[in-house]
Amino acid sequence: MDLTAAPRDPEKPTEEDVSDLDKDLSIIQTNMAACHLRLDRIDRVVACADAALKANPFNKKAKFRLVQGYIREGSIPKAEKLLDELEKDSPRDAAFAAERKLIASKEKEAESKQRSEMRGMFDRANSKPAAAEDETKTDEQPAVIRKKNNA
C-alpha cells in the first residue's frame, strides 16, 4: 500500500473505476456511431457517442465521434470545445487536424452564405417589390366579380 499517494476524490471517478462491461459497451456504442457517421445519420452519431461516453467517460474515440457528429450537425462551438480537450493529449494527431480543416470550411461556407443573403439588403428596401403590386390588383378583382354576380 502506497501511503505517499494523494487521497482520491470519491466524487471524481478514475478510469480504473469503470467496469470492463461498461468499457465494452462504450466500444460497441462508439463503433455504432462510426457506422451511423458513414450513413450520414448525424442525429444517431451524436446519440451513440453520448451513450458511449455515459458508459465510459474516458473513451477518447467516443469523444472524437461526438466531435464529428457535432461538426456535421452544425454545432461548431461544441465541437471546438471537445476537440480542444482531445488535442491536449495528442496535439499532432492527423485526424484532429482534418476535423479542424472541416470546421474551417464549414465556417467559411456559412459566412459566404450569410454574405450572399445580406448582399443588396439596403437596395431592396427602397424599391417596391413586385409582389406588393400584385396584391393590390388581387384586392380589386374580387369586388368587381361580386358586382357582376349581384346583377
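The values are calculated or read from the model by the stated rules, or taken from the named source; none is laboratory data. Nothing here was measured: the structure is a model prediction, and the numbers come from that model. Note that we place each Cβ from the backbone using ideal geometry, even for glycine, and neighbour counts take in every protein chain shown.
Is there any pair with a first residue in segment 18-30 that is under 16 Å from LYS63 (Cβ atoms) and of a type outside the set (Phe, Trp, Tyr) and a second that is surrounded by fewer than 16 Cβ atoms within 10 Å (Cβ to Cβ) and modelled with pLDDT under 95 whose Cβ atoms are under 8 Å apart and which are 6 or more apart or on different chains, and what are they?
Here the result reads VAL18/PRO57; VAL18/PHE58, each pair linking segment 18-30 to a residue that is surrounded by fewer than 16 Cβ atoms within 10 Å (Cβ to Cβ) and modelled with pLDDT under 95.
Return the residues of segment 19-44 that are under 17 Å from ALA98 (Cα atoms) and surrounded by 15 or more Cβ atoms within 10 Å (Cβ to Cβ); say none if nothing qualifies. Reasoning before the result, please.
Of all residues in segment 19-44, those under 17 Å from ALA98 (Cα atoms) come to 34, 37-38.
The answer is ALA34, LEU37.
Having 1 or more residues that are at pLDDT below 90, among the acidic types (Asp, Glu) and more than 30 Å from LEU53 (Cα to Cα) is the bar; report the helices (runs of 4 or more DSSP H) wholly within segment 71-151 that clear it. Please lay out each step first, then the result.
Values: elements: 76-89, 94-118, 121-126, 130-150.
Counting at least 1 such residues, we get 94-118, 121-126, 130-150.
In segment 61-93, what residues are surrounded by fewer than 12 Cβ atoms within 10 Å (Cβ to Cβ) and either among the hydrophobic types (A, V, I, L, M, F, W, C) or closer than 18 Å to ALA34 by Cα (or both)?
Listed by number, the list holds a single entry, GLY74.
Any idea how many residues of segment 53-88 are closer than 23 Å to ILE28 by Cα, of a type in the set (D, E, K, R) and more than 18 Å from the chain's Cα centre (by Cα)? Explain how you work it out, then say what you get.
Step one: list which residues in segment 53-88 are closer than 23 Å to ILE28 by Cα, which gives 53-73, 79, 82-83, 85-86.
Narrowing further to those that are of a type in the set (D, E, K, R): 54, 60-61, 63, 65, 72-73, 85.
Subset that is more than 18 Å from the chain's Cα centre (by Cα): 54, 60.
Within segment 53-88, residues that are closer than 23 Å to ILE28 by Cα, of a type in the set (D, E, K, R) and more than 18 Å from the chain's Cα centre (by Cα) number 2.
Rundown of residues vs (1) modelled with pLDDT of 90 or more; (2) among the polar types (S, T, N, Q); (3) on the phi < 0 side of the Ramachandran plot, yes/no style:
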site	(1), (2), (3)
ARG8	no, no, yes
THR14	no, yes, yes
ASP22	no, no, yes
HIS36	yes, no, yes
ASP43	yes, no, yes
ALA47	yes, no, yes
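Please go through segment 45-81 and give me each residue that is within 23 Å of LYS101 (Cα to Cα) and either touching a strand residue (DSSP E or B) at 6+ places or on another chain (Cβ under 7 Å) or free of Cβ contacts under 8 Å to residues at least 24 places away in the same chain (or both), ordered by number.
The answer is ALA49, LYS63, SER75, PRO77, LYS78, GLU80, LYS81.
Conditions: (1) of a type outside the set (Ser, Thr, Tyr); (2) more than 23 Å from LYS23 (Cα to Cα); (3) surrounded by fewer than 17 Cβ atoms within 10 Å (Cβ to Cβ). PRO57 meets all but one. Number of the miss?
Only one criterion in (1) of a type outside the set (Ser, Thr, Tyr); (2) more than 23 Å from LYS23 (Cα to Cα); (3) surrounded by fewer than 17 Cβ atoms within 10 Å (Cβ to Cβ) is unmet by PRO57, namely (2).
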